[in-house]
Structures are given as structure tokens and as C-alpha cells.
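This report refers to the structure that appears directly beneath it.
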Amino acid sequence: MAKLRVGLVYGGRSVEHEVSLQSATSILRNLDPSRYEVWLVAIDHDGRWRLGAPGTSLETALARGVPVQLPATPEQNALQPVGAGPGAPVALDVLFPIVHGHGGEDGTLQGLLELAGLPYVGSGVLGSAVQMDKEVSKRLLVQAGIPVTPWRVVHEQELARDAKGVAVRIADELGLPLFVKPANSGSSVGIAKIKDVKALPRALAEATRYDTKLIVETGLDAREIEVAVLGNEEPEASVPGEIRPRREWYDYEAKYVDESTELLVPAPLSDEESERVRDLALRAFRALEGSGLGRVDFLMERATGAFYLNEINSLPGFTEVSMYPRLWEATGLPYPQLLDRLIELALARHARRSKLETLFRRG
Ligand SMILES: Nc1ncnc2c1ncn2[C@@H]1O[C@H](COP(=O)(O)OP(=O)(O)O)[C@@H](O)[C@H]1O
Ligand SMILES: [Mg+2]
């Protein structure tokens with residue numbers, strides 16, 4: 001049987017570019033070479049796409065790959081060389097995007113892939129977009145009866161008018177400590193924990209560097225529990241895992257620098273707690289239009305044992321030591337088979353959607 005041509009899309013124009021590179025390294029290492037011919041689709045810091053033929057290293061494709069573009073029309077040979085550059089058009093069977101944050105995880109890349117008529121791993125345009133936006137996701141989760149921490153939304157313009165007034169009102173309504181977050185963020189970039197209302201205006205201003213819409217949440221004293229979800233119409237939940245940062249909260253340092261952050265797989269929870277959080281994860285995945293994969297992150301309040309949904313990541317970190325693949329490994333699905341399954345799910349979703357009518361026939 002001919003090998004499936006997979007395009008591994010990585011890098012991207014976001015603060016999570018380097019994280020994406022690490023995930024892509026692991027995926028490349030674990031895609032079964034007897035089944036897949038892997039083409040590298042590197043997106044550089046300026047948003048330019050470069051193609052690396054099978055066998056090229058991720059770094060080489062990023063620095064010196066052939067400049068290509070993906071026309072927003074369904075073509076046979078999807079990736080086209082740009083201008084008079086070298087190389088011939090390349091046809092791919094499925095794309096595996098592992099681009100985090102803006103322009104990767106927020107539905108924009110998915111929109112381009114839809115227009116190009118290509119199957120791709122992960123959630124579609126709508127699911128990716130709502131999962132990326134912490135404020136819209138909260139509204140949908142509340143509607144689905146899934147507990148989230150109390151929050152307020154703040155728009156940049158309100159801060160320009162009266163930052164101090166906004167800060168005092170919010171601290172009054174939500175209490176302290178608080179978490180300030182750009183509505184669209186990842187890797188804890190732009191997030192601050194606030195214990196004194198005086199520090200709030202500055203934290204809000206800092207967060208507007210990353211988004212014009214912010215959320216402020218009540219800070220909980222909580223354990224951090226994560227569940228991996230896999231599937232399309234009938235998603236399945238992994239065993240839960242737990243993250244124990246040595247630092248006060250799971251900030252950028254704790255995620256990528258501090259090696260003493262502990263990942264416990266499975267999380268030490270009772271059977272009842274574990275079932276409860278898995279069920280919430282599946283309901284949240286459906287409420288936020290997930291498909292393919294998603295990592296659902298919870299805060300488990302220490303005092304009450306209650307779970308609050310913190311966020312869903314539609315393209316979670318994917319190195320061998322990342323939570324998402326480790327949770328599936330612990331649930332009985334090793335990394336290479338997890339990749340097979342994600343590609344199958346991408347093809348199945350595309351096949352089903354391709355059968356939808358594009359013309360209205362009467363009668
Ligand atoms: N309401 C909260 N209460 C307690 N800790 C929180 C709260 N919100 C966020 N955190 C801490 O901040 C970290 C990052 O927040 P999160 O919303 O997950 O942003 P990101 O998308 O950048 O991962 C969490 O993993 C947790 O440690
Ligand atoms: Mg998070």
C-alpha cells in the first residue's frame with residue numbers, strides 16, 4: 001500500500017513557536033516510517049511557509065526549506081512553490097498541525113485548510129476558535145452546566161478610561177487573590193497572580209500587550225488536574241493526570257524552565273473523583289465543539305474537592321514527556337498508535353464532511 005503523505009505543520013508566528021518545535025520533534029520521531037511519508041511544513045516567525053522533503057531536519061526546513069504557499073482553493077497539488085523558487089507542487093493526504101497559539105490553534109489555520117480541502121488533525125474552525133478564547137469558552141461552559149471560576153471580562157478601552165476604577169470594582173466583586181489573563185493566551189504568557197489590588201492596574205496593562213480582551217478570575221487554592229480527550233463524535237477520556245509545580249502557580253518558568261515541576265500520571269484521585277472529572281472533560285469537549293483531540297485542564301479546589309474547568313487546549317504540548325501523550329500511554333495507547341489514531345480521525349472527519357451537500361436539490 002502506498003504510504004500516506006503527512007504534512008507536519010509546526011513553528012508559527014506566536015510566542016509558542018519554540019514549544020511547537022519541541023512537539024514536532026517528538027511527533028516526527030514517532031510517526032511510523034512504514035506507513036507515512038512525512039513532509040515538513042515549517043512556519044517561521046514572520047509567518048512564511050517553507051517545505052522540507054522527507055528526511056530533512058526540522059531546523060533545516062525552517063531556515064532553508066523551499067518557500068511555499070497553500071492556495072485557498074482545493075487543488076490537486078496543494079502546496080505550491082512561491083514565485084520563481086525551485087521545486088514542484090506537492091500533494092499531501094493529511095496535515096498534522098502542531099502550531100500553538102495565534103494563527104495555529106485559534107481556527108485561522110484550520111480555516112485555510114478547510115478552503116484548501118485538506119484533511120487535518122484536530123478541531124475545526126469553530127471548535128479551535130472557541131477553545132482558544134477563554135472568555136467565550138466560559139460562557140459556553142456555564143451554559144452546559146460545567147463549573148468554572150467566577151470571572152469578569154475587561155476590554156482595553158475601559159482601561160484607557162479608568163484603569164484604577166476597573167481594578168477596584170473587580171477586586172471588590174471577586175475578592176483576592178486574582179488571576180489576570182489575556183483572553184487568548186497560552187504557556188502562561190501575559191498572566192499574573194494578584195494579591196494586592198494596587199498591583200492590578202499594572203497587570204491589566206501588561207496583559208493588553210497580548211490581547212485587547214482580558215479576563216480576571218478569582219484565584220483558587222487548587223490542585224491542577226488534566227484529562228486527555230480523543231475522538232470525534234464519540235470522544236473518550238484518558239485517566240486524569242496531575243501537575244505539581246514547585247513554584248506558586250504554573251507560570252512560564254514552571255512549564256519550560258523549572259525541571260522540578262512534577263507530572264503525576266495517573267493523578268492520585270479516588271475512583272469517584274476520577275470518574276467525575278473524566279465525565280466533565282467529555283462534556284466540556286462536546287460543549288466546545290472539540291474534535292480529534294483536546295486536553296482539558298481543571299482546578300480542583302483543595303478545601304471542597306470541587307472541580308472547576310480552567311481551560312481546554314485544542315493542540316496541547318506533544319513531546320514524549322508532555323501530559324497529553326503520557327495520559328494516553330497510561331490509558332493503554334502508546335505514542336505511535338496515538339498518532340495513527342489522530343490521523344484516522346482526521347481522515348474520517350474529512351470524509352464525512354465531504355459528503356455534505358454543497359448544492360440544494362429540490363424534491
Ligand atoms: N483561577 C485560578 N486559580 C488558581 N490558579 C490559576 C487560576 N487560573 C490560572 N491559574 C494558574 O495559572 C496557570 C495558567 O493559567 P491558564 O488559564 O491555564 O493559562 P494558559 O493558557 O497560559 O495555560 C494555571 O495552570 C494555574 O497554575
Ligand atoms: Mg493552562
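The values are calculated or read from the model by the stated rules, or taken from the named source; none is laboratory data. From a predicted model like this one, the values you see are computed outputs, not experimental measurements. We place every Cβ from the backbone using ideal geometry, glycine too, and count neighbours over all the protein chains shown.
With respect to Leu200, determine if the residue is in contact with a strand residue (DSSP E or B) (Cβ under 9 Å, 6 or more places away or on another chain), part of a loop (DSSP other than H, G, I, E, B), touching a residue at least 12 places away in the same chain (Cβ under 8 Å) and of a type outside the set (S, T, N, Q). Considered against the rule, which asks whether it is in contact with a strand residue (DSSP E or B) (Cβ under 9 Å, 6 or more places away or on another chain), part of a loop (DSSP other than H, G, I, E, B), touching a residue at least 12 places away in the same chain (Cβ under 8 Å) and of a type outside the set (S, T, N, Q), Leu200 comes out as no. Selection of region 26-57 for residues being touching a Ser or Thr at 6+ places or on another chain (Cβ under 7 Å) and either surrounded by fewer than 17 Cβ atoms within 10 Å (Cβ to Cβ) or not hydrophobic (A, V, I, L, M, F, W, C) (or both) yields Ser26, Gly52.
From the residues in region 213-230 that are over 20 Å from the mean Cα position of the chain (by Cα) and surrounded by 21 or more Cβ atoms within 10 Å (Cβ to Cβ), which one is farthest from ligand 2 (Cβ to nearest atom)? First the steps, then the outcome.
Going residue by residue through region 213-230, those that are over 20 Å from the mean Cα position of the chain (by Cα) are 216-223.
The next check asks that each one be surrounded by 21 or more Cβ atoms within 10 Å (Cβ to Cβ); those that pass are 216-217.
Working: Val216: 16, Glu217: 12 Å.
Ranking the qualifying residues of region 213-230, first place goes to Val216.
For region 105-156, residues that are crowded, with 17+ Cβ neighbours inside 10 Å and touching a Phe, Trp or Tyr at 6+ places or on another chain (Cβ under 8 Å) total 8. Which fully enclosed helices (runs of 4 or more DSSP H) of region 254-363 have 3 or more residues being modelled with pLDDT of 95 or more and of a type in the set (D, E, K, R)? Passing ranges, in order: 271-287, 335-354. Taking (1) part of a strand (DSSP E or B); (2) among the acidic types (Asp, Glu); (3) more than 17 Å from the chain's Cα centre (by Cα) in turn, Glu233 satisfies each apart from (1). In this structure, Tyr324 qualifies as over 20 Å from Leu140 (Cα atoms) and aromatic (Phe, Trp, Tyr). Mind checking whether some residue in region 175-193 is within 16 Å of ligand 2 (Cβ to nearest atom) and free of Cβ contacts under 8 Å to residues at least 24 places away in the same chain? Checked against the condition, which is being within 16 Å of ligand 2 (Cβ to nearest atom) and free of Cβ contacts under 8 Å to residues at least 24 places away in the same chain, region 175-193 yields at least one hit.
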